[in-house]
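Here is the structure we will look at, set down as structure tokens.
The values are calculated or read from the model by the stated rules, or taken from the named source; none is laboratory data. Not measured: the values here are computed from a predicted model. With ideal geometry, Cβ positions are generated from the backbone for all residues, glycine too; neighbour counts draw on all protein chains shown. Surface accessibility is based on the protein's heavy atoms, side chains included, excluding ligands, DNA and RNA. Shrake-Rupley method; radii C 1.70, N 1.55, O 1.52, S 1.80 Å.
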Amino acid sequence: MSITPKTPLGHRLGAPDAPVKLDVWYDFACPFSAKSFLTVTQQVLPAYEMKAPGQVQFLHYQYPQPWHAPGAYAAEVSLAVELVDPSKYLAVCTHFFSNQQDLVFDCVSYDMTRHDMYVMLAGAAQEASGVDASAVMEKVNFLGTSPNAGNDVGQLVKWYTKQGRKNGVHVTPTVFVNGIEEPSISSGWTLAEWSEYLDGKLS
């Protein structure tokens, strides 16, 4: 097996040649990640497609934290969705972040098995996007080729983790702007705060 992915990691919204590039690492079980992801995808990017089309690109990187075990299962399911039908990925991520308390928080997941989590999340993905839940389950089911074989998306999670570690990412969300970490950007930023920052980059 190759030690590198076939295609670049990250899930892009916006033009790949946009001069302002936002790389953001998120964890589905992190409430701060949810706040940031939803603000950026539902408010910031649409606003800039209206006032500065083609000027801002956004890449979402999976970065489940070890203290948020259910977030890793959600990451696997979202990556499985992308393998089955990439057009459904954004809707599924939005649904997972919008419904954390019902899907990935400890209050709902603590007594569930790993398989139960996959079934619930694949069903939620189908409900949110229309993706075939059974096809998603095929990607996250135990391969059984060895005692510790994992599933079809396990290697992708490893690559995302390696990428984040190589870039010094610890907490989520972590935002890079044009390749450099920008610690001043808060998960609680409003559209107005994002606009002030991005307008400065585009002026």
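Using helices alone, what [θ] at 222 nm do you get for the chain, with -39,500 (n - 2.57) per DSSP H run of 4 or more residues, divided over all residues and rounded to the nearest 500?
-14500 deg cm²/dmol
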Checklist outcome for this item: With Cα coordinates, the longest principal axis of the chain makes an angle with the long axis of helix 69-84, in degrees rounded to 10, of 80 degrees
Item to check | Protection-proxy order for peptides 136-144, 117-125, 66-74, each taking the mean of Cβ atoms within 10 Å per residue, highest first | outcome: 117-125, 66-74, 136-144
Checklist outcome for this item: Protection proxy (average C-beta count within 10 Å per residue), highest first, orders 51-58, 147-154 as 51-58, 147-154
Checklist entry - Largest first, what is the accessible-area ranking of E182, E76, E196, E49 with a 1.4 Å probe? => result E196, E49, E182, E76
Checklist entry - So for the pair A15, E138, with labels modelled 7 Å out along Cα→Cβ, what separation do we get in nm? => result 3.8 nm
Checklist outcome for this item: In debye to the nearest 20, the charge dipole size for the chain, taken about the Cα centre with +1 at each Lys and Arg Cβ and -1 at each Asp and Glu Cβ, equals 540 debye
Checklist outcome for this item: segment 162-189 scanned against label point 7 Å out from T4 along Cα→C-beta; backbone N under 15 Å for 163
Next on the checklist: On a 24 Å Cα-Cα criterion, which of the cross-link pairs K158/K201; K6/K139; K88/K166; K166/K201; K88/K139; K6/K88 come out too long?
Outcome noted: K158/K201; K88/K166; K166/K201
Checklist entry - If you plug each phi of segment 98-106 into the Karplus form 6.51 cos²θ - 1.76 cosθ + 1.60 with θ = phi - 60°, what whole-Hz ³J(HN,Hα) values come out, in order, with x for Gly and Pro? => result 6, 10, 4, 5, 8, 10, 10, 5, 4
Checklist outcome for this item: Between the Cα axis of helix 154-166 and the main Cα principal axis of the chain, the angle (0 to 90°, nearest 10) is 40 degrees
Checklist outcome for this item: DSSP beta bridges in the chain: the antiparallel percent, rounded to 5, is 55 percent
Item to check | Solvent exposure, largest accessible area first (probe 1.4 Å, DNA, RNA and ligands not counted), of T190, T7, T161, T145 | outcome: T145, T7, T190, T161
Next on the checklist: Nearest 10 degrees is fine. How inclined is helix 114-129 to the longest principal axis of the chain, computing both from alpha carbons?
Outcome noted: 50 degrees
Checklist entry - Using just the C-alpha positions of segment 88-189 as equal point scatterers, what log10 of I(q)/I(0) does the Debye formula give at each q in 0.16, 0.24 1/Å? => result -0.95, -1.28
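Dipole magnitude of segment 120-186 about its Cα centre, charges +1 at Lys/Arg Cβ and -1 at Asp/Glu Cβ only, in debye to the nearest 20? Mind dumping the intermediate values first?
Details: 5 positive and 6 negative charges, 72 e Å.
It comes to approximately 340 debye.
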Checklist outcome for this item: One point scatterer per Cα, no solvent, Debye formula: log10 I(q)/I(0) for the chain at q = 0.08, 0.13, 0.15 Å⁻¹ comes out as -0.27, -0.70, -0.93
Checklist entry - What accessible area per residue comes out for segment 1-42, rounded to a whole number of Å², with a 1.4 Å probe? => result 50 Å²
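Calculate what fraction, in whole %, of the accessible area of the chain sits on carbon and sulfur atoms when a 1.4 Å probe is rolled over the protein chains.
Values: 5550 of 10300 Å².
Carbon plus sulfur share of accessible area: 54 percent.
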Checklist entry - For segment 51-119, what is the charge dipole size about the Cα centre, in debye to the nearest 20, if Lys and Arg each add +1 at the Cβ and Asp and Glu each add -1 at the Cβ? => result 320 debye
Checklist entry - Across the Cα atoms of segment 60-125, what radius of gyration and what greatest pairwise Cα-Cα distance (Dmax) are found, in Å? => result 11.0, 32
Checklist outcome for this item: Per the charge dipole of the chain (beta-carbon charges, Lys/Arg positive, Asp/Glu negative, Cα centre), the residue among V84, M112, G130 reaching farthest to the positive end is V84
Checklist entry - If the cut-off is 20 Å between C-alpha atoms, which aspartates and glutamates fall inside it for K35, apart from same-chain ones fewer than 8 positions away? => result D23, D27, D102, D106, E181, E182, E193, E196
